[in-house]
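To start, the structure under review is shown below, and the notes come after it.
Read-outs throughout are calculated quantities, based only on the coordinates presented, and are distinct from any laboratory measurement. Quick caveat, the model's predicted, so the values are computed rather than measured. Cβ placement follows ideal geometry from the backbone for every residue including glycine, while neighbour counts extend to all protein chains displayed.
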2 protein chains.
Amino acid sequence: MTTVGLINPGQMGASVGAAATHGGASVLWASEGRSDATRERAEKAGLSDAGSMDQLVEKSEIILSVCPPSEVAAVARGVVDLGFKGLYLEGNAIAPARTREINQMLTDAGAEMVDGGIIGGPAWHKESGTVLHVSGPSAHTIVNLFEGSPLHLNVVSGDIGAASALKMAFAAYTKGSTALLSAILALAESEGVREHLQVQWGEKFSADTARRVSANTAKAWRFVGEMEEIAATFEGADLPGGFHQAAADVFSRQAGFKDQPTPDLESVLGAMLKRD
Amino acid sequence: MTTVGLINPGQMGASVGAAATHGGASVLWASEGRSDATRERAEKAGLSDAGSMDQLVEKSEIILSVCPPSEVAAVARGVVDLGFKGLYLEGNAIAPARTREINQMLTDAGAEMVDGGIIGGPAWHKESGTVLHVSGPSAHTIVNLFEGSPLHLNVVSGDIGAASALKMAFAAYTKGSTALLSAILALAESEGVREHLQVQWGEKFSADTARRVSANTAKAWRFVGEMEEIAATFEGADLPGGFHQAAADVFSRQAGFKDQPTPDLESVLGAMLKRD
């Protein structure tokens, strides 16, 4: 039985940890310094508490990192500093160049890395359709780990960075177009032409867009870092980063809706235009 | 019978001129210095040749300006310099702040302006659904001019700048999202993950997107200026201009496809990645 360490049991991470238990692994998490909400999620997901991070690192053959983009480097550095020599899944929404840096750090320390990118929501059921895209020489080990679990696996290539690039390219449209539509509605509101724009858009597109913009706001705060990673990904390929620098700006204006019930469109536009 | 001067009979302009003849006006254009293709379009549209621009300005009670964003100021300046004191429709895709500058220039010279923004393709038939949005104190005069024509009219408000803002907000999504998708496909191509992205997108969305990106390239060269106007519009409202600065960059990379037959997606991405 493979022992796996999960960092961290957030909404997505907990479902990935649970998926690994379905695949037959024993999955650890570390409760030290974590909230009651995280403990509850970890227990529901069937994870075992290793207590501290050094215990988790010592006992795990494989470590899964699922965390916000801003924490990626610190998490990997912490694992390396605790002497980890196993297989590390870097499963986060970061630019391929940063993924390759993390890979270098882990490799230099005698560990091995698989690049991963998750597309979709928390993977509690096969029907969620959530895909963990993986790349790198040891990608198959991660595929085996999740065999028979609700998480779909796809090997992108043998190259570290490819899974990250795919994740960035996919999120570039889903989240980027939501940011663009948010900005356009704020512009139309600011110029006093929003009703005319909505007539020109038609009822269905206008209603769908308003719902989409409002529903996104609770998570907008944590998309800021991801938009910055996407901008860096475009610039790394000599393509313009401006779309997603603008998207980061849009989402940062919506950060006040963090974990709030879905606001109406007027409140979202008011916040974006700094009217609140 | 109202005499109207049209500047210029391009693809869109010719259809607007023809629409004004349907509304019962006599519509002039000026052949001096124009190409044979323009003459052919003007004749098909039922326009009368005033010969020179000074003849056109002298004889016209109303002037319609339909031209690329980069020519807007020179066209208005030229009309003012020829002593025009009538009603001027500024019907182009420019930022509201620039529209207000043009209005100031015309008003100072004793003329009057209506702000206009055209949404849709050339308006040869009512079913095209093309709308000329107008704003300003004399918007109703323009509405009357096109009564019974294939062009749909909508009065946005009494404010100069409102019709421009609406046009900018609408094009911000149609053209902005096409630019975004072009950039994403180029990114995926550059990172060697385009096939995986297309699988993740699904067959229909991938095929629709490829068609849309390729079909846009023949007109991309003239969207560069419009994207810059949209970026300025966002910035004028204290919103991020980065989406459309990036879109201008994307379209400028596709400028080589000007008036070419629709290329395949691989050629478009090659040009964007400067591989050709």
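Structure values in brief
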| item | result |
| --- | --- |
| At 0.692 mPa s and 37 °C, Stokes diffusion of the range A:3-160 via Kirkwood alpha-carbon radius, µm² per second | 217 µm²/s |
| Relative contact order, percent, the range A:1-76 [alpha-carbon distance under 8 Å, six or more residues apart] | 41 percent |
| Net charge dipole size for chain B [Lys, Arg +1 and Asp, Glu -1 on Cβ; Debye, nearest 20] | 400 debye |
| Calculated label separations, B:Thr107, copies of the chain, 7 Å along the beta-carbon direction, nm | 6.5 |
| Loop sites in the range A:170-235: trypsin sites (Lys or Arg not before Pro), DSSP, at most 13 other Cβ within 10 Å | none |
| Relative exposure of A:Ser252, A:Ser60, judged by other C-beta atoms within 10 Å (fewest first) | A:Ser252, A:Ser60 |
| Chain B: DSSP helices with Cα axial extent of at least 27 Å and average Kyte-Doolittle hydropathy no lower than -1.0 | B:162-190, B:203-236 |
| Nearest beta-carbon to the A/B symmetry axis - residue in chain A, distance in Å | A:Gly242, 2 |
| Within the range A:232-276: backbone nitrogen closer than 16 Å to the A:Glu195 label point (7 Å, Cα to C-beta) | A:266 |
| Across the identical copies, how the A:Glu71 labels are spaced - nm, sorted shortest first, 7 Å along Cα→Cβ | 5.8 |
| Violating pairs (Cα-Cα greater than 28 angstrom) within the set A:Lys274/B:Lys167; B:Lys85/B:Lys258; A:Lys44/A:Lys126; B:Lys59/B:Lys219; A:Lys258/B:Lys204; A:Lys219/B:Lys274 | B:Lys85/B:Lys258; B:Lys59/B:Lys219; A:Lys258/B:Lys204; A:Lys219/B:Lys274 |
| Distances in nm from B:Arg34 to the matching label points in the other copies, shortest first (labels 7 Å along Cα to Cβ) | 7.2 |
| Computed over chain B: relative contact order in percent, which uses C-alpha pairs under 8 Å that are six or more apart | 15 percent |
| Inter-part distance where the range B:23-37 and the range A:161-237 are each reduced to a Cα centre, Å | 43 Å |
